[in-house]
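Visitor: Take a look at the following structure, please.
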Amino acid sequence: MSYTSQLMIRVIVMVLLAGSMTYSVAQGAPATFYVATNGNDAWSGTLPAPNAAGTDGPFATLTRARDTIRQLKAGEGLRQPLKVLVRGGTYYLSEPLTFGSEDSGTASFPITYMGYAGEKVVLSGGRSVTGWKPYRGQIWQCDLNALGLGELSFKQLFYNDQRQPLARFPNVDPQRPRTGGYLYVYEGGVKDSKRLLKYDPAELDPNQWAKPTLAEVDVMPYHNWNNNIIAITEIDLNDHIITLAADALYQLTHDTRFYVQNVFEELDASGEWYLDSETATLYFWPPDDNLAQGQVVVPALDTIIRMDQASYLRIGGFAIQVCRSDAVRMGPAQHCAIAKCTITNTGHIGVAVTGAGKGSCSDVRVVGNDIAYTGAGGILHHGRDSLISNNHLHDTGVIRNNFNRAIEVNGRANVVSHNLIHDVPAFGMTFGGHEHVFEYNDVHHFSLESGLPGAIYAYALHRPEIVGNIIMRFNKFTDAVGYGMRSPGDWGPNPGWGIWLDDDIGNVHMYGNILVRNKKGGIVIHGGSDNLTENNIMGAGIPSTINHIKPGEEPCNNRIFRNILYYPNADPQLLAQYGWTVKGITEAAASAAGTPVFLCGWSSVKAAVGASDYNLLFPISGDLVDTLFYFRGGAKAFRGPWADAPVEDRFAWWREQGYEAHSIIGDPLFVDAAHDDYTLRPESPALKLGFKPIPQERIGLYPSPNRASWPVPDYRHMWREETAHIVPVEPAPPKAEALRPKLKATRGTAGIVVDGDVAEWPWDDA
């Protein structure tokens, strides 16, 4: 028999075998396929491990499993739910794991990709770097061309899973990694400039840099309100001015801090690295002496998992790490879930759910994930009718570039619940859109690097119609820090709020929240209308409890009922009204001919606050209660001619205006406020005012089969810069039962009624 004849027979046999396999899959419809590092894409994928003969077993790649399911669907279609279980090990993906409409399940037969129970499964978008050779001193070098990585471009490097700093000046300050290691704009900077950055020649010497236009400036402009990473186009060595390639978001003023990175000549400290893209040579100063044993990984993929036009697809139980942009991206997707994943070391977002330009995302579940050390935010969602719940997010925004936030939600009718967020550079959560519910979230130690802190923040750009009908209930927002250094050694006050409704946000019901130890206050309403502040606990170590601020247009009908407000200082501000300018307040007061005048921007207090009553006020360390409304414009305060009157007269005057008719001054009788237990004793006067107990035991994470880890330590008392040394607390014992997020509430001064469940879409097929 000729070779050609033998080859044709082999081809015919292979085709018949493939057809029989397809037929058996379609007819028998096995419920589970397997993938393993010791698998083979030529096998059936229906066994969890290779058989004894080595003739069958799991697949070697997830793409092979995905393509097999595509083949099945193209034949007889889905006949039952399908699962792909991935055995333990690290899978370095050569391309993103991409799912489209052809990979979708159905409502009756969803398709699930999961890590094998009890085994760690890593999906990596990185490449391992080996072949290091000594270069100079403690610096090593590697020829990426020899590894086939010569065309690879990256701005991140990980050593034993830890992100290492790009060569920079000044170096990272290990004692103050968030607030140290910066220069400050010199001599006040260049007036009103967003692009010209003036430096101190006694501190920075760019003259030694061979390639300054390859460098970047990481800058925090104008009171640390934002962060930008911008390339350098020119350096004036005579006038000591760096010209940036683009404008920073704000002016580069005297309190602007910055550092310069991606400079080879500044590779002078442990952990630093530099990529010479022209020669494809990587330089690295390892943080220890075990480079041969250590693992250096650089990102090769932009995204690790992509779901485009997919539906009824569930991803869970993976460690997803190392990429240049978003680890997981859906755009758009419906009825999909990302659960119990550990997502770390990304260049941008952890999970990005966005359908902009392609359609909307809806009914998406992002539940039970641990997300940390992301370049920007943790979870971004644009869509509707989705659930973001039971996620643990910390140390997001480590590359920053506009700070970002741990969770950002836009769209309509989404539920954000039971998330634990801490140690983030700026906001904990932000939102836009309508009809969202934020409940049972625990956010602490936020705004560690920003001057614009808020555990939850929203703005409407003076268009109140684009945001509204929001419920925030049973959240715990504590310990707003706020970076306030104006220049080295010169610290000044900085905002720090629990809830910040900026620029005309209205129709928000804030009920049953605990807002304590926030530097500036519990709540700020920056001009919005029809907001209801009800049944909240606010105070503990802050100069004010509620702040109402308005720079211009007319707010109206904000209502304040049945709150507990306590404070240790003898001169508290219950409601602070900021005028747009000192001049505006002074002129308005003068025009009133000595009559007490209350302003909210250009509004009267009657317009701004429709009602305020049944509140309990408690000054911890004194018996004084200041005027309930407090005005300030710029840096100068004006309280009117009654400011020096006895407190009883001021409170009486305020009541004469129609407010606080039933409010009282007294001790709320917390069980143990010193240890954050704000349970009320049975004899608390707040209960007689109609205050309803807050279900504190339900706030934060809860045990679930969909949690990536459990138990989770109490990170509230871990060491951080602003608290020096604090002993870590052991993980809390598991709760007796999993508590599901709740939905649906009625609005009104009688209190919120909770009467429904939001399913997190369990992994079983029930």
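Visitor: Give me the Kirkwood hydrodynamic radius of the stretch 317-357, using the inverse of the mean 1/r over all pairs of distinct Cα atoms, in Å to one decimal. Please list the in-between numbers first.
Guide: Working: mean 1/r = 0.0933 Å⁻¹.
Evaluated on the stretch 317-357, it is 10.7 Å.
Visitor: Rounded to the nearest angstrom and ordered from largest down, what semi-axes does the equivalent ellipsoid of the stretch 364-483 get from its C-alpha gyration tensor (root of 5λ)?
Guide: Values: eigenvalues 83, 53, 35 Å².
Working through the eigenvalues yields semi-axes of 20, 16, 13 Å.
Visitor: By its C-alpha gyration tensor, with a ≥ b ≥ c as the square roots of the eigenvalues, how is the stretch 94-184 shaped: rounded for a/c under 1.5, else prolate for a/b larger than b/c, else oblate? Display every interim value, and only then the final one.
Guide: Values: a/c = 2.68, a/b = 1.79, b/c = 1.50.
Prolate, since a/c reaches 1.5 and a/b exceeds b/c.
Visitor: State the extension gain, in nm to one decimal, for the chain segment bounded by Asp676 and Asn207, taking 0.36 nm per residue of separation less the distance between their alpha-carbons. Could you put the intermediate results ahead of the total?
Guide: Values: separation 469, 0.36 × 469 = 168.84 nm, distance 5.39 nm.
Here the answer is 163.5 nm.
Visitor: With a cap of 14 neighbouring Cβ atoms within 10 Å, and only residues DSSP puts in a loop, list the GluC sites (Glu not before Pro) found in the stretch 231-304. Numbers along the way, then the final one.
Guide: Working: sites: Glu234, Glu265, Glu266, Glu272, Glu278; in loops: Glu272, Glu278.
Answer in residue order: Glu278.
Visitor: Can you pull the Kirkwood radius for the stretch 313-424, inverse mean 1/r over Cα pairs, to one decimal in Å?
Guide: Details: mean 1/r = 0.0750 Å⁻¹.
Hydrodynamic radius (Kirkwood, Cα only) of the stretch 313-424 equals 13.3 Å.
Visitor: Right, here's the next one. Where the Cα atoms of the stretch 159-318 are projected onto their three principal axes, how long is each span, largest first, in whole Å?
Guide: Reported extents, whole Å, longest axis first: 55, 44, 35.
Visitor: Roughly how many nanometres apart are two label points built 7 Å out from the Cα toward the Cβ at Asn51 and Lys120?
Guide: My value for the distance between the label points is 3.3 nm.
Visitor: On to the next question. Relative to the compact globular guide of 2.2 N^0.38 Å, what is the alpha carbon radius of gyration of the stretch 171-231, as a ratio?
Guide: Numbers: Rg = 12.6 Å, N = 61, 2.2 N^0.38 = 10.5 Å.
The reported ratio for this selection is 1.20.
Visitor: If you stretched the chain out fully between Ala74 and Thr37, how much longer would it get, using 0.36 nm times the residue separation minus the C-alpha to C-alpha distance? Present the calculation step by step, with values, prior to reporting the outcome.
Guide: Details: separation 37, 0.36 × 37 = 13.32 nm, distance 2.74 nm.
Contour length minus Cα-Cα distance gives 10.6 nm.
Visitor: How would Met114, Met220 line up by accessible area, probe 1.4 Å, largest first? Mind showing how you got there, number by number?
Guide: Details: Met114 25, Met220 0 Å².
Heavy-atom accessible area, descending, gives Met114, Met220.
Visitor: For the stretch 328-333, what does the Karplus curve 6.51 cos²θ - 1.76 cosθ + 1.60, with θ = phi - 60°, yield as ³J(HN,Hα) per residue in whole Hz, taken in order and with x for Gly and Pro?
Guide: Calculated HN-Hα couplings, in order: 10, 9, 10, x, x, 8 Hz.
Visitor: Then there's this: In Å², what does the accessible area per residue of the stretch 665-710 work out to with a 1.4 Å probe? Please report the intermediate quantities before stating the final value.
Guide: Values: 2260 Å² over 46 residues.
On a per-residue basis, the stretch 665-710 sits at 49 Å².
Visitor: Next up: Roughly what would the spin-label model give for Glu265 and Tyr135, points 7 Å off Cα along C-beta, in nm?
Guide: 1.6
Visitor: Another question, if that's okay. How large is the accessible surface per residue of the stretch 67-174, computed with a 1.4 Å probe and reported in Å² as a whole number? Before the final figure, lay out each step's value.
Guide: Values: 5180 Å² over 108 residues.
Per-residue value: 48 Å².
Visitor: May I ask for the net charge around Asp302, where only other residues with Cβ less than 11 Å from the Cβ of Asp302 are counted and Lys, Arg are +1 while Asp, Glu are -1?
Guide: Details: positive: Arg306, Arg324, Arg329; negative: Glu95, Asp326.
Surrounding charge for Asp302 is +1.
Visitor: While we're on this one: For the stretch 225-339, what does the equivalent ellipsoid look like in terms of its semi-axes, each the square root of 5 times an eigenvalue of the Cα gyration tensor, given largest first in whole Å? Write out the running numbers ahead of the final one.
Guide: Numbers: eigenvalues 260, 124, 34 Å².
One finds semi-axes of 36, 25, 13 Å for the stretch 225-339.
Visitor: For Asn557 and Arg178, compute 0.36 nm times the residue count separating them, minus their Cα-Cα distance, and round to one decimal in nm. List each step's numbers first, then the result.
Guide: Details: separation 379, 0.36 × 379 = 136.44 nm, distance 4.08 nm.
Gain on extension, Asn557 to Arg178, equals 132.4 nm.
Visitor: Taking a 26 Å limit on the Cα-Cα distance, which of the listed pairs Lys198/Lys519; Lys476/Lys692; Lys340/Lys692; Lys133/Lys211; Lys155/Lys194 fall beyond it? Intermediate values should be presented prior to the final figure.
Guide: Details: Lys198/Lys519 31 Å; Lys476/Lys692 16 Å; Lys340/Lys692 34 Å; Lys133/Lys211 24 Å; Lys155/Lys194 24 Å.
Among Lys198/Lys519; Lys476/Lys692; Lys340/Lys692; Lys133/Lys211; Lys155/Lys194, the Cα-Cα distance tops 26 Å for Lys198/Lys519; Lys340/Lys692.
Visitor: Can you give me the % of accessible surface on the stretch 225-277 that is carbon or sulfur? Probe 1.4 Å, all protein chains present, nothing else counted.
Guide: Details: 910 of 1960 Å².
Reported share for carbon and sulfur atoms: 47 percent.
Visitor: Shifting gears a bit: If you take the square roots of the eigenvalues of the alpha-carbon gyration tensor of the stretch 358-423 and sort them as a ≥ b ≥ c, do you get rounded (a/c under 1.5), prolate (a/b over b/c) or oblate? The partial results should precede the final answer.
Guide: Details: a/c = 2.48, a/b = 1.45, b/c = 1.71.
Oblate.
Visitor: Which value, in Å² rounded to 10, gives the accessible area of Arg324 with a 1.4 Å probe and all protein chains present?
Guide: Solvent-accessible area, nearest 10 Å²: 80 Å².
The values are calculated or read from the model by the stated rules, or taken from the named source; none is laboratory data. In this text, all values refer to a predicted model and were calculated from it rather than measured experimentally. Backbone-built Cβ (ideal geometry, glycine too); neighbour counts: all protein chains shown. Just so you know, the surface numbers come from the protein's heavy atoms only, side chains and all, with ligands and any DNA or RNA stripped out. Shrake-Rupley method; radii C 1.70, N 1.55, O 1.52, S 1.80 Å.
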